[in-house]
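Below you'll find the structure, written out as structure tokens, and then a few comments.
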Amino acid sequence: MDTPSDSSALRIEAPVSGGLEGPRSGGAADRPDVWRGGGFVPPGSQVLATGFRELDARLPGGGWPLGALTEILTPAPGGIGGLAPLLPALARLSRERRWLAWVAPPYAPYAPALAACGVAVNRVLLVRPRSAGDGLWALEQVLGAGACSAALAWPAAAGMNVLRRLQLAAERSGTWGVLFRLLHAAREPSPAVLRLRVEPVPDGIRLHLLKRRGRGAGAPVHLPHPSACG
Amino acid sequence: MHWLCLHLPDLALEVFSRGGAIPRAVPLAVSDGASRRPRIVACNAAAGARGVRPGMEAGAARALAQGLVLRVRDAAAERRALERLAQWAGRFTPRVSPAPPREVLLEVEGSASLFGGVSVLRAQVCAGVARLGHRVHTALAPTPLGASLLARAGEEREAPDLAALRTQLAGLPPALLEMPPEVCTTLEGLGVRSLGECLRLPRAGLARRAAPVLAALDRALGIAPDPRPAFVPPPQFEDRLDLPAEVERADALAFAARRLLGDLAAVLAGRQAGVESLELRLLPRRGAPTAVRIGFAAPTRAPARLAEPVRLRLDTLKLTAPVAALVLRAGRIVPLPPDHAGGWFGTGAPPAAAALLDRLRARLQEDSVQGLGLTEDHRPERAYRTCPPGATVGGTPPPPLRSARPLWLLPRPLPLEARGGRPCYGGTLALAPERERIESGWWDGADAVRDYFVARTPNGMRLWIFRVPGAGGRWFLHGFFE
């Protein structure tokens, strides 16, 4: 169930305009009260353009779901490898006055590389708890406080109850919660509204959409290596 | 001149019972602490209901009321409470003076209009004093002693001018002057039952027989000057709370600490100031105290912002001995403008962000919460630094990178295995053709001459690896790209 077929028949042709800053094209397709068939987004929820047209086209509402959990499953130990697809969105969020929280990252995110991708590093808040329990506590605080635009976390392990609490905290504050988890977590249920699997390929990465709001799995998206940061 | 007197009739009791330290239903009495035959000077309603009365001997009071909590009067604590109240009242007028044993005087003529009139100001003061846990009587009069006398009479009186004051004082008993016992006896001998009768006595005779009474009446009626020095708050805040019983549980400690923190918040509000850090010392009956230090992300005086980190820290604290007393000491006190309703215009962290930082720091270690900054050094591991969150305000855009940099940098380079001269990391690595030589640092003794490559593992991960030229060609892993 977690390996959707790569068939091009599944590809959804959705009108997408502009990159990060560009306004979305007007018209009936953009009205919130028009049902767009499959691309179900609950009223009141916000999305943030990913900066990749192909990815936006596959995501309900056309971007990362704010005020909810996103799970990124990576094959490499330590949750390495899933950060690149987030960078344009993080760069944009870092222009707000709120924090970009990093809870229990595997290593120090490398400030010069982040800066080269347009992320304002002075908005970065590194939280390095000493234990897994403290880590989940800190993550709930960070997600629920409303003081962070996004919270990226590398949780050691998280059961359904914990994940549900985190999802509720994110809903309450509107913070975008991103959990980096190992591949085998795909077998466990999760309240995250979006689950992606990262697969490294020679010229970039392939993102498999394991779960989306209202659409289920989808065909993978290929993203090239970001040019600005290597 | 217009003086507002805050008279705290139960102060002697409140220094022990305030903030729920001794519940209302428990009979409580305070004695004068005389060594041989201590007498009751004040008692609460629960003790009064059992027949305990001020003036009674402590032994008799004990016999009347089962389970009576008897405390020796703590004049120092009462004075501290008055000074705290005076500091808090600084929000209403700059001219405040504590008048021991149980009054605080506010000169409100100048500031009343700022609060929409003297009656509005008085209502705000009354509500605030009640929130701080004191019962209070207030009175307004053109002289400070006049206001005190009216307030001691117990009703919420107001004398707009000296003539009205004279009329109102005339009906009050002379005991309100709180004169020494021998003066009271003299007045009784003269058959005086009210201040009005005092005033009708011939001045010369009163001056001969009871000079202090005449002097006091002259001051009360504005005939003699009665200067009151304005209270100057001490630069530091330190307060102590002796717990009614030894406490071991963190939640009970947090409850007790809240009272101290509430007082600190009130003092800070009066001074239009905030505190950057604080220290709470937990004193066991014997042995070394435990100190809890809390730093705040931004100066604050909000009671909740002060209390929450303390509660979190107490929760994780392992106590070695039960705690008998708490001492709260404020760190640097800095000016903080009056609370602007919900807005945030400052340069520091906005309130929600600062509160989050305080919470995280209180539960995790101080160094577990950091920010990132850039430094200008070509050596990859020195091109960034950790710093307090948000310390680098704005941040100049960095010079564009000459070539690829990984998103993750290892804290120290990891030596890689090599097979046949080719580096391995979960299989032999494929190296991109570009080589970047980074050499710098000879001037501070930390030479780094390295040839960096982008390498790819068999399963597609991109690594940043380097080789130190010459030194046997060993390979190191320094970062991950994604």
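The values are calculated or read from the model by the stated rules, or taken from the named source; none is laboratory data. Everything quoted here is computed from the prediction, not taken from an experiment. Heads up, the Cβs are rebuilt from the backbone with ideal geometry, glycines too, and the neighbour counts pull from every protein chain shown. Only protein heavy atoms, including side chains, enter the accessible area calculation; ligands, DNA and RNA are left aside. Shrake-Rupley method; radii C 1.70, N 1.55, O 1.52, S 1.80 Å.
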Picking from B:126, B:112, B:81, whose Cα lies most toward the positive end of the charge dipole for segment B:39-127 (charges on Cβ: Lys, Arg +1; Asp, Glu -1)?
B:81
How large is Rg/Rh for segment B:247-340, to two decimals, with Cα atoms and a Kirkwood Rh?
0.99
Ordering A:160, B:179 from largest to smallest accessible area (1.4 angstrom probe), what's the sequence?
A:160, B:179
Any chance you could give the angle, 0 to 90 degrees and rounded to 10, that helix B:303-316 forms with the longest Cα principal axis of chain B?
60 degrees
Counted charge near residue B:366, where neighbours are those whose Cβ lies closer than 15 Å (Asp, Glu -1; Lys, Arg +1)
+2
Sort out for me the Cα centre separation of segment A:104-132 from segment B:56-132, rounded to whole Å.
51 Å
Does anyone have the angle between helix B:250-271 and the longest principal axis of chain B? Alpha-carbon axes, 0 to 90°, nearest 10?
70 degrees
Counting pairs of Cα atoms in chain B, how many percent are more than 34 Å apart?
56 percent
Could you work out Rg/(2.2 N^0.38 Å) for the protein assembly as shown, with Rg from alpha carbons only?
1.33
Rounded tilt (10° steps) of B:351-363 against the dominant C-alpha axis of chain B:
80 degrees
Simple label model, 7 Å out from Cα along Cβ direction - residue B:57 to residue B:238, nm
4.1 nm
For the protein assembly as shown, what is the calculated [θ] at 222 nm in deg cm²/dmol (nearest 500), taking -39500 (n - 2.57) for each run of four or more DSSP H residues and dividing by its residue count?
-8000 deg cm²/dmol
For the protein assembly as shown, the charge dipole (Cβ of Lys, Arg +1; Cβ of Asp, Glu -1; about the Cα centre) points to a positive end, and the Cα of B:370, B:60, B:201 closest to that extreme belongs to B:60
Placing unit charges on C-beta atoms (Lys and Arg positive, Asp and Glu negative, everything else neutral), compute the dipole magnitude of the protein assembly as shown about its Cα centre in debye, rounded to 20.
900 debye
About its Cα centre, how strong a charge dipole does segment B:65-112 have in debye, to the nearest 20, once Lys and Arg get +1 and Asp and Glu get -1 at the Cβ?
200 debye
Per residue of B:83-95, count partner chain C-beta atoms within 10 Å of its C-beta, then hand back the mean as an integer.
0
State, in angstrom, two size descriptors of segment B:163-229 derived from its alpha carbons: Rg to one decimal place and Dmax to the nearest whole number.
11.5, 36
Considering only the other residues whose Cβ falls under 14 Å of the Cβ of residue A:164, what net charge follows from Lys and Arg at +1 and Asp and Glu at -1?
-2
Given the Cα-Cα distance of residue B:113 and residue B:32 and 0.36 nm per residue of separation, how much length would full extension add, in nm?
24.9 nm
Strictly greater than 26 Å: what percent of every Cα pair in segment B:1-149 meets that?
33 percent
Charge sum, other residues only, whose C-beta stays under 14 Å from residue A:108's C-beta, Lys/Arg counted +1 and Asp/Glu -1
+3
Can you give me the solvent accessible area of residue B:315 with a 1.4 Å probe, rounded to the nearest 10 Å²?
90 Å²
Residue order for B:145, B:114 - accessible surface, 1.4 angstrom probe, largest first:
B:114, B:145
Quick tally, 1.4 Å probe accessible area for B:318, A:211, sorted with the most first, runs B:318, A:211
With every protein chain in place, the accessible area of residue A:225 for a 1.4 Å probe, in Å² rounded to the nearest 10, comes to 40 Å²
Across all Cα atoms of segment B:133-245, Rg and the largest Cα-Cα distance (Dmax), in Å, are 17.1, 56
Let me spell out the model: positive unit charges on the Cβ of Lys and Arg, negative unit charges on the Cβ of Asp and Glu, origin at the Cα centre of chain B. What dipole size does that give, in debye rounded to 20?
880 debye
Give me the base-10 log of I(q)/I(0) for segment B:102-191 at each q in 0.15, 0.26 Å⁻¹, Debye formula, one uniform scatterer per Cα, rounded to two decimals.
-0.64, -1.37
